[in-house]
Every structure is written in structure tokens, then in C-alpha cells.
Amino acid sequence: MLYTSQDLLFFSLSLCVIWLTIFLCFVLYYLAAILRRIYKMIQIWEEGLQKISETIEVIKKKMEHTISSLTLIAESIKQVIEFLIKKRKKGEKGETRIKNE
């Protein structure tokens, strides 16, 4: 089996190559597992960011709707106040007529 030192060298080299191959297989397996976990984490983050983006869009639309509603309400209140001011001025003019007569 082992007749010379060269045979011993080749035998030890073959064992080293076998162990190196096994080691590289484990490294590749764990590297693939790590990359898979990273990919899943990125997907989860993207889903979370998508939900946050959708929530922000909903809030933005509600705020725009609220602002437009408040604008309409403010215009209505302004017109009511203007109407009351005009009515009060007409009423004051009428009171001065009554006082003068």
C-alpha cells in the first residue's frame, strides 16, 4: 500500500482535498442559508415599507379631503357672517330712522 514517501504524500494530499471539499460544501451551504435569510428579511422590510407607504397615502387623502371640507365650511361661515353684518347694518340704519322720526 504505502511503499514510498511519495505514496504517503499523495495519500495525505488526497485526505486534505477530501476535507477541503467537505469544508467548502459546508461553507457554501451556510452561505446559501444566510443569503436566503437576508432575502426573506428584505422581502419583509419591503412589505413593511409598502404598508407604511399605503398608510401615508391614506392619511394624505384624508387630510386633502378634510382640508377641502374645511375650506367649504370656512367659506360658508364667511358668507353667513357677511350676511349677518349686512343685516345688522340695515337694522342700524332702520333704528336711526326710527330715532330720527
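The values are calculated or read from the model by the stated rules, or taken from the named source; none is laboratory data. Values in this document were obtained by computation on a predicted structure and should not be read as measured data. Because the Cβ atoms are built from the backbone with ideal geometry, glycine has one as well, and the counts that use them run over all protein chains shown.
Values as computed for the structure displayed
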{"read-out": "Residue within segment 19-37 that is assigned to a helix (DSSP H, G or I), charged (D, E, K, R) and at pLDDT 95 or above present", "value": "yes"}
{"read-out": "Out of Glu64, Glu54, Glu47, Glu75, sole residue that is surrounded by 10 or more Cβ atoms within 10 Å (Cβ to Cβ), part of a helix (DSSP H, G or I) and at pLDDT below 85", "value": "Glu64"}
